[in-house]
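The structure under discussion appears below in the form of structure tokens.
The values are calculated or read from the model by the stated rules, or taken from the named source; none is laboratory data. On a predicted model such as this, the values are computed, not experimentally measured, just so you know. Cβ: placed from backbone, ideal geometry, glycine included. Neighbour counts: every protein chain shown.
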Amino acid sequence: MKSTNRSKFFIGLMSGTSADAIDAALVEIGHPLNIRHIRLLAHHQRRWPVSLRRKLLDTMAPAPCTADQIAMLDMLTAQQFAAAVKDLLLLSRRDVRDITAIGSHGQTIAHTPPEKGRLGATLQIGNISVIATLTGIPTVGDFRPADMALGGQGAPLVPAVDAILFPDGARTRSVHNIGGISNLTWLPSAQLGAAVQPMAFDTGPGNCLIDSLAQKLLGLPCDRDGSIARRGVISADILKSLSSKAYFRKRPPKSTGRESFGALLADQLVHRHPRMRPEDLLATATELTALTIADAYRLLVPSLPDEIVFCGGGVNNTYLMGQITRRLGEIGRPTICNIDSFGITNAAREAMYFAVLAAMTLRGIPGNLPSCTGAARSTILGAVARPLSAAISPGSLN
């Protein structure tokens, strides 16, 4: 993208359900908002302090916690997000005065989708007023609640940006993210006509069940590259039981979280199968992710896409990706590629997207796609916190 006088610089902040790091992306965004006017300029990854990450994961478990503990985590998380902004500004040699706004996803600690008349709720911590005050940069956050207020799932929110960045008039395309939770955006080709709308939903577990088992059984943060699962034997009985969960049969729009496929499920599996080898449980959990991803394409999307663009931390697990490719090969032959081949750094993708969503909010552009979330209508997303004091230099942040 060529810089113009109308281009603005935004910073996106993202920490996913695995809470392994904060990703910060510097993005140049011009007018109009399309693939030619969005450019990733810099990316930085800031690791969570070990003790704070442990507290975040414990809170997501879910485990009993007090309002005071959540309030403190909200403040501590915001400080880390602000520090990630400082890191990125130093790395990119930018001043706070260069930045139009920050778009912060926050850290999800609870997500309960609406269900049969029951109100949905979601909570992302990392207070945007704190981020704005510590950085001196207007901060957009709390993106999900507006969609949920209209009956939507509040997730996924990335399809609106996927539709901007991955248009293809000739072919159907899916952008598939494997984070803690696995989710896809199905984008119809122009040949299908304007009546066919994008579809997006969470397919189920991505890395979260695998990671939780690795932590509980082996004291490891994850099964790096699937090296342990690769040595295991898949339990057909456990796989059948897990894959029969009602969530997998539910039609979209739908979303889920660690509450269903994280530490609690890992604890149940270990308790029910105390004599099972760790590598066998990990192999089975990995196969669950692969099977449910393939089943989502087999049963839930309008048609198997011509191309699937994979992204997220799961693409680094070659064993998992091999199992997914095998499963997809049983239902068709879509072209499979990595998001890096489109010039978008995999690790920066979601942070980059929240920079774009922040720009959409400030420009009054709706950021949700009702066909994907189930909301009654499209709406502008997020709240904006503006610093009241003069901008603070990056060096003053702790």
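Among the residues of the stretch 309-344, write down those that are hydrophobic (A, V, I, L, M, F, W, C), farther than 28 Å from Pro221 by Cα and not in a helix (DSSP H, G or I).
Ile331
Out of everything in the stretch 75-127 that is at pLDDT below 95 and of a type in the set (S, T, N, Q), what residue ends up being farthest from Gly152 (Cα to Cα)?
Once the filter is applied, the top-ranked residue is Thr108.
Within the bounds of the stretch 93-103, is there any residue that is within 21 Å of Ala21 (Cα to Cα), among the polar types (S, T, N, Q) and touching a strand residue (DSSP E or B) at 6+ places or on another chain (Cβ under 9 Å)?
Scanning the stretch 93-103 turns up no residue that is within 21 Å of Ala21 (Cα to Cα), among the polar types (S, T, N, Q) and touching a strand residue (DSSP E or B) at 6+ places or on another chain (Cβ under 9 Å).
Can you report the number of residues in the stretch 30-70 which are farther than 22 Å from Gln215 by Cβ, outside any loop (DSSP other than H, G, I, E, B) and either assigned by TED's automatic domain parsing to the domain that holds Gly312 or not hydrophobic (A, V, I, L, M, F, W, C) (or both)?
Going through the stretch 30-70 one residue at a time, the tally reaches 6.
Being out of contact with any Lys or Arg (no Cβ under 7 Å at 6 or more places or on another chain) and surrounded by fewer than 24 Cβ atoms within 10 Å (Cβ to Cβ) is the requirement here; does Ala200 meet it?
Spelling it out, it is not the case that Ala200 is out of contact with any Lys or Arg (no Cβ under 7 Å at 6 or more places or on another chain) and surrounded by fewer than 24 Cβ atoms within 10 Å (Cβ to Cβ).
Looking at Ser244, Ser212, can you tell me which residue is hydroxyl-bearing (Ser, Thr, Tyr), within 27 Å of Ala155 (Cβ to Cβ) and surrounded by fewer than 22 Cβ atoms within 10 Å (Cβ to Cβ)?
Ser244
Would you be able to tell me the number of residues in the stretch 215-247 that are of a type in the set (A, V, I, L, M, F, W, C) and not in a helix (DSSP H, G or I)?
5
Within the stretch 242-273, count every residue that is free of Cβ contacts under 8 Å to residues at least 60 places away in the same chain and of a type in the set (D, E, K, R).
Going through the stretch 242-273 one residue at a time, the tally reaches 6.
Any residue in the stretch 300-320 that is surrounded by 18 or more Cβ atoms within 10 Å (Cβ to Cβ), at pLDDT 95 or above and in contact with a His (Cβ under 6 Å, 6 or more places away or on another chain)?
Taking every residue of the stretch 300-320 in turn, at least one turns out to be surrounded by 18 or more Cβ atoms within 10 Å (Cβ to Cβ), at pLDDT 95 or above and in contact with a His (Cβ under 6 Å, 6 or more places away or on another chain).
Tally time: how many residues in the stretch 115-147 are more than 18 Å from Arg258 (Cβ to Cβ) and under 22 Å from the mean Cα position of the chain (by Cα)?
11
Take the conditions among the acidic types (Asp, Glu), closer than 22 Å to Gly16 by Cβ, part of a strand (DSSP E or B) and in contact with a Gly (Cβ under 9 Å, 6 or more places away or on another chain) and apply them to Asp211. Does it pass?
no
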